[in-house]
Amino acid sequence: MRYVAVAVSFLAGTAAMMAATTQERLNDAAGLFSEIMSTPDKGIPQDLLAKAECVVIVPGMKKAAFVVGGEYGRGFAECRNPKGTGWGAPAAVRMEGGSVGFQIGGSSTDLVLLVMSRRGMDKLVQDKFTLGADASVAAGPVGRTANAGTDVKMTAEILAWSRAKGLFAGISLNGATLRSDDDRNQDLYGRKITNKEVLESGMKPPESARALNEALDKYSMRREGPDAERSVRDH
């Protein structure tokens, strides 16, 4: 475990030196979500998006390893506005994880998580929680709709997908940790603020998050009636 901690710490330091600005990271998150959802037959099922309480987007999570492997990424979480008027303000998050093995090389992976229940949202607003231990997580299905064969996954509090080298697929993230990124939150809001306050207060999203909120609204608004799926498909 000591080696894992060293690897993650090294990655965190490297990422800090080479990190994009908060605005660039928000734009990356918006672009990632739009790219994934623009091909609905290979994206996140619309019926799952309609049911999701929150979305977590981590563009470019880094993996680097030589004997000891580790992962480190920064992104944003957004939850439904408590007033039912679309999505709220983004809360900055850090995702970290590690594995030990004879690995050589490095890669970058985009991650998208859907939080499917209020209990999962309660975990998300904590300072830190571990996927699989504090909240159940499963690899999400890919395609226009979630069919009956994926019912077992629908009991998970969080569903996860990854995109690497052009391939988009469900992924298991057991053991990874998700925590508040206080520095990025201060960049966004000009003061120290917790993810719980951001996600539960119904505060107005900052102008810097416009592109991300527009992308979320476009593809994941809760719609009623028989024209719901066609309405999304026509975007």
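The values are calculated or read from the model by the stated rules, or taken from the named source; none is laboratory data. Just so it is clear, the structure is predicted and the values come from calculations on it, not from any experiment. In this analysis, Cβ positions are derived from the backbone assuming ideal geometry, glycine residues included, and neighbour counts consider all displayed protein chains.
Residue selection: Leu178 satisfies the criterion of being under 23 Å from Pro90 (Cα atoms), aliphatic (A, V, I, L, M) and modelled with pLDDT under 95. Scanning segment 48-79 for residues that are assigned to a strand (DSSP E or B), at pLDDT 85 or above and either surrounded by fewer than 20 Cβ atoms within 10 Å (Cβ to Cβ) or touching a helix residue (DSSP H, G or I) at 6+ places or on another chain (Cβ under 7 Å) (or both) returns Cys54, Val55, Ile57, Pro59, Gly60, Arg74, Gly75, Phe76, Ala77, Glu78, Cys79.
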